[in-house]
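Let me begin by presenting the structure, written as C-alpha cells, before commenting on it.
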Amino acid sequence: MGKYFGTDGFRGEANVNLTVEHAFRVGRFLGYYYGKEHKARIVIGKDTRRSGSMFEYSLVAGLTASGADVYLLHVIPTPAVSYVVRKEGFDCGIMITASHNPFYDNGIKVINGQGYKLEADIEQLIEDYIDGKTEEVPYARRDAIGKTVDFTAGRDRYIDYLASLTTGSYKGMKVGLDLANGSATTVAKEVFEALGAETYVINSEPDGLNINTNCGSTHIEGLQKLVVEKKLDVGFAYDGDADRCLAVDGNGNLVEGDHIMYLCGKHMKERGELSNNTVVTTVMSNIGLYLAFDELGIRYEKTAVGDKYVHENMMQNGHVIGGENSGHIIFMKHATTGDGVLTSLKVMEVMTESGKGLSDLVSGLTIYPQRLVNVRVTDKKEAQADAEVRAKVEEVAKLLGNEGRILVRESGTEPLVRVMVEAKTDELCIKYTDAVVETLQNRGFVL
C-alpha cells in the first residue's frame, strides 16, 4: 500500500487527510497522464455523502485544466462506473466514495480502462505528483481545455444491463431493499420493479449526512424488521456505494456473504457454470463454508483479506465467483468488481429457478461460532513471531483439529493483532482466544 492509496483507493476524513487540494492534484495528473497521445475521456460517479460534490468539482477542475473531457454520472454505484468505463471506452473512471464508512469520510477510487482497480505503479505516480516529487504538469490552453458533459445516460444503460441479465420474471415475489441512503437509491428499486417484483424500500432518502447511518449492510436490523412485518419473500441490503450486498430470508434471518457464495457456487456447479469447480474466498470466511464445499465437492481458494486480493486470484486463475463474508461478491462473467445489486439478482436467480426460499437454499451450510479479539500490542510483527505465542497458537490449532480453526493476523492500519477462533461452541471460542491473548500478555506485548 502507498502513502495515500490503500487497497480501496485514497480514503480519509473529508478535508482532514483527504482534501480538495488532493482531489485537484489527482485530477491534474490523471488528465495529463491519459491525455499524452489523445484527448482523455474520464467518467466520474459519486455516492450521496455531503462532501461528494466538493470532491467532484475539485476533480473536474483538475481534469479539465489538464485537457481531459469529463463525463458526470452523478450518484451511482461503484460497479456502474466500472461498467460504463468498459462499455463506453473511457480512459479511466473515478468513483467518489468511502463505501460503508460514516458520512464524514470520503474517498477517491480510480478504475482503469478495463474496469479494474488502477494499477499500483500508476497510483505511485499520482502520489509522487501530489507530494511534488515530479515536475508540474502543463495546463491546457485555449481549445485544449477540457469540457464537462452530463452523462446520466450511462446510469440508464447500467440499469438496462442489470435487468437484461435476468431471463425470468419476479412477478408475484415480494422483495425488501435497504438502500443505505446511498448509491443504490438511483438504481436498485428501478431494476427490481422492471423485473416485476413487488418492491418495498427503506432508507432511500439521502440527505448527505445519513449514508450508512443505522442502515444498509452494516445495520441489518431495519431490513429484518421490514421482511418480517410485511411478510416478504426476501430482503437485500447494500452499503453506501452499493458494491456489497447482504440478504435476509423470509423468516428474518441474516444471510451473509459466505451463505451467498455457498448457494451461488452450488447453483453454478449444478448448471456446469462453475469454472475450475472453484470458489475464491478470503481467510476470514467461516470454516463451515469450507466443510459445506467439501460435502459438495467444490474446491476453494483462500486469499488475504480484501476484495482486491480475491479479484487478483480470480484473474490469474480463471475463476468466475469469489468474495468476502461482508457481501462483496464478484461474478466475473458479468462484472469486474463486486456489485451489490448484481449479487441480489444472482440470489434471486437461484430462488426463482429452484422454487425454494432462501432459508432452504442455505440449510446445507452450518456457520460455526466465531470470536474475534483485537489486541493492541507494542509491535505487531514481534508479537506474532514470538516463539511462545506461536507455540500456543499451534497448540490451539491441534486441539481444534478439523472441528474449528484459529487465525492470528495483524491489522493493516492499526497496532493490533487480531485473534480469531472458530469452533463448535461459543465456550470453546472464548476459551481458546483467551488462551492466546493471555500468552501475548505474559510475553509483555499487550499495551
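At least 2 residues that are closer than 30 Å to residue 303 by Cα and of a type in the set (A, V, I, L, M) in each: list the strands (runs of 3 or more DSSP E) lying fully within the stretch 1-99 that qualify.
92-96
Could you give every pair whose Cβ atoms fall below 8 Å, whose first residue belongs to the stretch 276-296 and is free of Cβ contacts under 8 Å to residues at least 40 places away in the same chain, and whose second residue is surrounded by 15 or more Cβ atoms within 10 Å (Cβ to Cβ) and in a loop (DSSP other than H, G, I, E, B), counting only separations of at least 6 or pairs across chains?
Listed pairs, sorted by first residue: 277/298.
Being under 18 Å from the mean Cα position of the chain (by Cα) and either polar (S, T, N, Q) or closer than 22 Å to residue 354 by Cβ (or both) is the filter here, so list the residues in the stretch 263-285 that pass it.
The first filter runs over the stretch 263-285 and keeps only residues under 18 Å from the mean Cα position of the chain (by Cα), leaving 264, 279-285.
Correct list: 264, 279, 281, 282, 285.
Return a yes/no flag: does the stretch 310-327 have any residue that is within 15 Å of the chain's Cα centre (by Cα), outside any strand (DSSP E or B), of a type in the set (Asp, Glu) and not assigned by TED's automatic domain parsing to the domain that holds residue 418.
Scanning the stretch 310-327, I find at least one residue that is within 15 Å of the chain's Cα centre (by Cα), outside any strand (DSSP E or B), of a type in the set (Asp, Glu) and not assigned by TED's automatic domain parsing to the domain that holds residue 418, so the answer is yes.
For the stretch 32-54, how many residues are free of Cβ contacts under 8 Å to residues at least 60 places away in the same chain, more than 30 Å from residue 206 (Cα to Cα) and touching a strand residue (DSSP E or B) at 6+ places or on another chain (Cβ under 8 Å)?
Residues in the stretch 32-54 being free of Cβ contacts under 8 Å to residues at least 60 places away in the same chain, more than 30 Å from residue 206 (Cα to Cα) and touching a strand residue (DSSP E or B) at 6+ places or on another chain (Cβ under 8 Å): 1 in total.
Having 1 or more residues that are of a type in the set (Asp, Glu) is the bar; report the strands (runs of 3 or more DSSP E) wholly within the stretch 197-268 that clear it.
198-202
Which members of the stretch 195-241 meet the condition of being buried (at least 23 other Cβ atoms within 10 Å of the Cβ) and hydroxyl-bearing (Ser, Thr, Tyr)?
Correct list: 217, 238.
The values are calculated or read from the model by the stated rules, or taken from the named source; none is laboratory data. Because the structure is a prediction, the values reported are computed rather than measured. Using ideal geometry, Cβ is built from the backbone for each residue, glycine included, and neighbour counts are taken over all protein chains shown.
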